[in-house]
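Student: Submitted below is the structure of interest, expressed as structure tokens.
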Amino acid sequence: MKQFKAFTIKFVGLKEGEHCFEYKIGKTFFEDFKYDEYNDANILAKATLNKKTTLLELIFDVKGTVNVNCDVSNEPFNLEVENQFNLVVKFGNEYNDENDEILIIPHAEYEINIAQYFYELIVLSVPTKRVHPGVEDGSLESDILKKLEELSPKETHENKKEEIDPRWNKLKKLLTDK
């Protein structure tokens, strides 16, 4: 947890009200979590802490890009990432993080580490199927795409001219005669 020390917020000494914390997140952040899905990352992460007398409200904002490989062409590209998450931190007798939006920490705690929340927010912002924008609009030239096009099934004139079995037409007529 030493590598995430910068993401620890000591809220005991803070005055009531809003406090902003900004972080630059790169590839090493994900390497520390042993997550190697991204080639690179350039994300600005903001945490806004609103300290109140009995609880803490945290608003996490992430915006930037992650460099990933396309699932179709395997070409690397920068994927835009933008997401927000709200967390309420309450004080109780024991630690409890069963609820996604409410965290209960012991009364004796004086700091909170938010690295895990940024990590989850960014990872969940990236779609499961990552397609290069050039594949979607047809502007990407790639050997893999050419080979996929070459191997894709072609529709022939023989397939188009196949007539439907007349028995099916009789069955369809039964549906429309009601």
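Here is a yes/no grid of residues against (1) assigned to a helix (DSSP H, G or I); (2) closer than 20 Å to ASN83 by Cα; (3) at pLDDT 75 or above:
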| residue | (1), (2), (3) |
| --- | --- |
| GLN116 | yes, yes, yes |
| VAL123 | yes, yes, yes |
| THR128 | no, yes, yes |
| VAL135 | yes, no, no |
| GLU141 | no, no, no |
| LYS146 | yes, no, no |
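Student: When TYR110 is evaluated against the numbered criteria (1) touching a Phe, Trp or Tyr at 6+ places or on another chain (Cβ under 8 Å); (2) exposed (fewer than 15 other Cβ atoms within 10 Å of the Cβ); (3) under 21 Å from ILE25 (Cβ atoms), which criterion, by number, is the only one it fails?
Tutor: Status for TYR110: all satisfied but (3).
Student: Does segment 100-108 contain any residue that is in contact (Cβ under 8 Å) with a residue 12 or more places away in the chain and under 21 Å from the mean Cα position of the chain (by Cα)?
Tutor: Taking segment 100-108 as the starting set, the residues that turn out to be in contact (Cβ under 8 Å) with a residue 12 or more places away in the chain are 101-107.
Right, trim to under 21 Å from the mean Cα position of the chain (by Cα) and you get 101-102.
Yes: segment 100-108 contains one or more residues that are in contact (Cβ under 8 Å) with a residue 12 or more places away in the chain and under 21 Å from the mean Cα position of the chain (by Cα).
Student: Among the residues of segment 78-99, are any farther than 22 Å from ASP40 by Cβ, crowded, with 18+ Cβ neighbours inside 10 Å and touching a residue at least 60 places away in the same chain (Cβ under 8 Å)?
Tutor: No, the conditions are met nowhere in segment 78-99.
Student: A follow-up question, please. Quick one: ILE59 ticks every box in (1) in contact with a Leu (Cβ under 9 Å, 6 or more places away or on another chain); (2) exposed (fewer than 15 other Cβ atoms within 10 Å of the Cβ) except a single one, so which number is it?
Tutor: Status for ILE59: all satisfied but (2).
Student: Another question, if that's okay. Looking only at segment 8-22, decide whether some residue is farther than 30 Å from LYS147 by Cβ, surrounded by 11 or more Cβ atoms within 10 Å (Cβ to Cβ) and within 16 Å of the chain's Cα centre (by Cα).
Tutor: No, the conditions are met nowhere in segment 8-22.
Student: Within segment 6-45, which residues are polar (S, T, N, Q) and either under 20 Å from SER125 (Cβ atoms) or not in a strand (DSSP E or B) (or both)? Can you show your working first?
Tutor: Looking only at segment 6-45, we keep the residues that are polar (S, T, N, Q), and these are 8, 28, 39, 42.
THR28, ASN39, ASN42, listed by residue number.
Student: Further question: Among (1) aliphatic (A, V, I, L, M); (2) closer than 30 Å to SER142 by Cα; (3) without any contact (Cβ under 8 Å) to a residue 40 or more places away in the chain, where does VAL68 come up short?
Tutor: (3) is the only condition that VAL68 fails.
The values are calculated or read from the model by the stated rules, or taken from the named source; none is laboratory data. Everything numeric in this text was worked out from a predicted model, so none of it was measured. Positions of Cβ are generated from backbone atoms using ideal geometry, with glycine treated the same way; all protein chains shown enter the neighbour counts.
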